Amino acid sequence: MTDAYAMAARAPGGSDMFHKVAIALTEPGPGQVRIRHTAVGVNFLDVYYRGGSYPWPVEADLVTGSEGAGVVEAVGAGVTEFAVGQRVAYTTPNGAYATHRLLDAALLVPLPDDIADEIAAAVMLKGLTAQYLLHHSFPVQAGQTVLFHAAAGGVGLIAGQWLAAKGVRVIGTAGGPEKCALALRNGYDAVIDYRAQDFIAEVGRLTDGKGVAVAYDSVGRDTIMGSLDVLERFGTLVSFGQSSGAPDQLKIKDLTKGSWRLTRPTLFHHVARRDWLLQASADLFGMIRSGKIVIRIDRTLPLAEVAEAHDGLEGRRTTGSTVLIP
């Protein structure tokens, strides 16, 4: 048990800030659970924190990592929902890049026997993000047409399949022929190569000038104004990320052009509601179990090689999900 460690960033900066630090295996307090990680997901949220785009929540080394799966090793007083040896998964803003960690039991969900640890670690943040985007931020209905940026990314591949299962026409954007082809195999009706095509013009062509009911935008600065321009009147823009930088150029007055709606949801406001977390997780696992959503894991790497995982993500060299194995 002396080999417990975390991969922490020394200070906001590049992936070279990561270094291995030993961690103590403390006993869980009331309402807490200690888990041993078996798989950890990698997300752009982790990059935002490591690079300083999001404020650091600590004044020391920061252990990033926002989703994981593992086995319960110990439970604190008052915990009745989980037992030692039980498989669990979760998503939190930080703290997952470690072999072990303490968590409030209210943040955990039980893993069904037929959902593998690696799959759970790849979907807790991305899959639950897709769930709230499609069912809460804008409840999409069959027959509507939507635009989803970064269609070949982790969230995009899940969302494409989920939208297709709901009978929605999905237009995606992706960079390069291979990523466009991948998105087309995952529920998208049409995919625009933003490197070679003007996505605004293409969406106009694909919708006969009508536009889309909703645009889901996790890219940010490079796409946000175009995402507005492709909305139909009274359409909705859902901004949920900023992989190209913060979309600070957007002004409230810009919404008046089409009486558009704008929302900037956050996953962890949803996760804080225990009833939502359990229902949404069960919904997600059910879609995976049914085969309507197939999870693609593009890379698996040892936890200690998290810097390489971040480099691949930032360099847009990955499709689907990356999973770290402690």
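The table below lists the values:
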| read-out | value |
| --- | --- |
| Extension gain, E73 back to A304 (0.36 nm per residue minus Cα-Cα distance, nm) | 81.0 nm |
| Cα-derived Rg over Rh, computed across region 129-189 with Rh taken as Kirkwood radius | 0.94 |
| Fraction of antiparallel bridges per DSSP, the chain only, in percent to nearest 5 | 55 percent |
| Nearest 10 degrees, 0 to 90: helix 274-290 Cα axis against the chain principal axis | 70 degrees |
| Cross-link partners of K257 among lysines (Cα-Cα below 29 Å; sequence separation of 8 or more within a chain) | K210 |
| 5 angstrom amide H check on I297, placed H, neighbours 5+ away | S321 |
| Region 137-236: relative contact order as a whole-number percent, Cα under 8 Å and 6+ apart | 27 percent |
| By average C-beta atoms within 10 angstrom, highest first, the peptides 74-87, 4-17, 214-227 | 214-227, 4-17, 74-87 |
| Prolate/oblate/rounded call for region 142-264, Cα gyration tensor, a/c under 1.5 rounded | prolate |
| Straight-distance crosslink candidates among lysines, where the alpha carbon sits under 16 Å from K166 and sequence neighbours closer than 8 are dropped | K292 |
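Just so you know, all these numbers are worked out from the coordinates, no wet-lab data involved. All values derive from a computational prediction rather than experimental measurement. FYI the Cβ positions are ideal-geometry reconstructions off the backbone, even for glycines, and counts take in every protein chain you see.
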